[in-house]
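Asks: This structure is in structure tokens; I'll ask about it shortly.
Please treat every number below as a calculation from the coordinates, not as lab data. Treat the numbers as computed from the prediction; the structure is a model and nothing was measured. No Cβ is skipped: glycine too gets one built from the backbone with ideal geometry, and neighbour counts run over all protein chains shown.
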Amino acid sequence: MLKLAPLVERAVIVGEARPYLAVIICCSEAALAPECRALGLAPEHTQEQHSSRLERALLKRFAVLLRAYPKHSQIRRVAITTTPWTVDNKLLTATGKARRRQVAKQYHHRIERLFGRGPAPEKTDFSYNVNVG
């Protein structure tokens, strides 16, 4: 559903056994640049991707897309990456699906910050972040 937003190339929702849901989204720098400019942010500064203004703008869009879903299914936090998710960096399967565990491992520090925690220790069990079934 979130991939319907034109900015989002890939998305992985995290938050199992957490107080709310969050999402890690992958988007291209070309798609992100106009969004940043519209919000008065400089797209060439990667720290701007962590802006609360950009996060709030994305959350508003996601709220519209997810309005038919119950409150507990709403996205409350967003982390943005412009690093492409590919088969070569093991973030996608050969069929183009996101490898949830690999995404959780690569972005574990960002995930911890989404939930108001400091960086996790290096040895972390990511099974609580994803339900891979």
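Asks: Can you tell me which of 56-69, 25-38 comes out highest on packing, and rank the rest after it, using the mean Cβ neighbours within 10 Å?
Replies: Result, highest mean Cβ count within 10 Å first: 25-38, 56-69.
Asks: Moving on. Picking from Ala63, Ala33, Ile80, whose Cα lies most toward the positive end of the charge dipole for segment 26-86 (charges on Cβ: Lys, Arg +1; Asp, Glu -1)?
Replies: Positive-end residue among those listed: Ala63.
Asks: Taking the simple approach of a point 7 Å from Cα along Cα-to-Cβ for both Thr93 and His72, what is their distance in nm?
Replies: 2.7 nm
Asks: Mind listing the Cα extents of segment 28-107 along all three principal axes, in Å, largest one first?
Replies: Its Cα atoms span 37, 36, 19 Å along the three principal axes.
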